[in-house]
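Chemist: My questions all concern the structure below.
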Amino acid sequence: MSTDFRSQESDRKELGGSAPKIIVAIDGPAGAGKSTIARHLARHFGLLNLETGAMYRAFALKVLRTGLALDEWSAADLQRLAGETIIHLVPTSGENRVFLDGEDVTGELRNAAVTDAASRVSVFPPIRAWMVRLQQQMGSAGGVVMEGRDIGTVVFPHADVKIFLDAAPEVRGMRRFEQMGAGQRGAKAEQQPEEVIRELRERDKRDRNRADSPLKPAEDAVVLDSTDMTLAEAVKAAERIVEARLA
Ligand code: DC
């Protein structure tokens, strides 16, 4: 199990020379606007943006590529596969590029099959332990916005700023639907909004109820509910939360 972050320091310079060394943790369910907000905060405050979901997705892709159905995997087998896997996250000024065993798989991580598999592999404690370790290495120098499900609770419980983003499932589902190109809606290119919402609820349930580090706000997180906000308003609100902390 390993990863490679050689390019991070040069990215950090490109993205904002004298960036503050803070850690901003952004957690929340799918479709709450985490990626948009994290990307904006990174650009605005000169931080590295690290999307931890992309790491789970990359590993899920590796599992899917074996051709074995996910319910045929034991935790031990998954752990063995993880031991042969190198995930490399490259922050850029936009979304992260993700390398799986040296191959750029960024374009393959957002389809319905990988989305579902990522949520399933993320319930396995050895996989979580591996990911958490990698994420702690990546963020330990500070100057990062890290987004995921357990950043403020498990990965960086002492993060300087913790934001828990939420919104009603219907609102999140519609946002997801609108973001998805037909090519990302899985084999069924014409997936309807109701189906996107239903799948999102299933994922929510799995993420919130898993035994190991379930999705929940850290006690000291600022909860930002964007149900009645535009994404632009939520971005502004998040910016003010970080500014208040920096001040
Ligand atoms: O944020 P995302 O939709 O790309 O995440 C994909 C899946 O990965 C999500 O269903 C749960 C899992 N995940 C996790 O368990 N912990 C994280 N820190 C990030 C993602």
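Rule-based calculations on the coordinates, nothing more; no lab input. Model, not experiment: these values are computed from the prediction. All Cβ positions, glycine included, derive from the backbone under ideal geometry; neighbour counts span all protein chains shown.
Chemist: HN-Hα J couplings of the range 74-87 from phi, Karplus 6.51/-1.76/1.60, θ = phi - 60°, integer Hz, Gly and Pro as x?
Modeler: 3J(HN,Hα) across the range 74-87, in whole Hz: 8, 4, 5, 5, 5, 5, 4, 4, 4, x, 9, 10, 10, 10.
Chemist: In the range 25-153, what percentage of the DSSP-assigned beta bridges are antiparallel, given to the nearest 5?
Modeler: 45 percent
Chemist: Would you order 57, 245, 203 from fewest to most other beta-carbon atoms within 10 Å of each residue's own beta-carbon?
Modeler: In order of increasing Cβ crowding within 10 Å: 245, 203, 57.
Chemist: For the chain, what is the relative contact order in percent, using Cα pairs closer than 8 Å and at least 6 residues apart in sequence?
Modeler: With pairs under 8 Å counted, the relative contact order is 30 percent.
Chemist: Sequence-distant or interchain residues sharing an amide H contact under 5 Å with residue 148, placed H: which?
Modeler: Amide H neighbours of residue 148: 26, 27, 28.
Chemist: Say we join alpha carbon atoms closer than 10 Å with springs in a Gaussian network model of the chain; which of 95, 233, 147 then has the biggest fluctuation?
Modeler: 233
Chemist: Ok, one more. So what is the calculated 222 nm ellipticity per residue for the chain, using -39500 (n - 2.57) for each DSSP H run with n of 4 or more, over all residues, to the nearest 500 deg cm²/dmol?
Modeler: -14500 deg cm²/dmol
Chemist: For 59, 164, which order do you get if you count the other beta carbons within 10 Å of each Cβ and list the fewest first?
Modeler: Going from sparsest to densest Cβ surroundings: 164, 59.
Chemist: Under a GNM of the chain (C-alpha, springs under 10 Å), which listed residue has the highest mean-square fluctuation: 116, 77, 220?
Modeler: 77
Chemist: Here is a further query. Looking at the chain as a GNM with Cα springs under 10 Å, which of 83, 31, 139 has the largest mean-square fluctuation?
Modeler: With Cα springs under 10 Å in the chain, the top fluctuation among 83, 31, 139 is at 83.
Chemist: With θ set to phi - 60° and the Karplus curve 6.51 cos²θ - 1.76 cosθ + 1.60, what are the ³J(HN,Hα) couplings of the range 115-120 in order, to the nearest whole Hz, using x for Gly and Pro?
Modeler: Running phi through 6.51 cos²θ - 1.76 cosθ + 1.60 with θ = phi - 60° gives 4, 5, 5, 5, 5, 6 Hz.
Chemist: Another one. Relative to 2.2 N^0.38 Å, what does the C-alpha radius of gyration of the range 26-144 come to as a ratio? Two decimals please.
Modeler: So the range 26-144 has a normalised radius of gyration of 1.06.
Chemist: As a quick test, which of the pairs 62/236; 34/62; 34/205; 162/236; 21/162 have an alpha carbon distance above 26 angstrom in this structure?
Modeler: 62/236
Chemist: When a footprinting reagent is the concern and you count Cβ atoms within 10 Å, what order do 229, 55, 131 take, fewest first?
Modeler: 229, 131, 55
Chemist: Treating only the Cβ of Lys, Arg, Asp and Glu as charged (+1, +1, -1, -1), what charge dipole size does the range 43-163 show about its Cα centre? Round to the nearest 20 debye.
Modeler: That gives a dipole near 240 debye.
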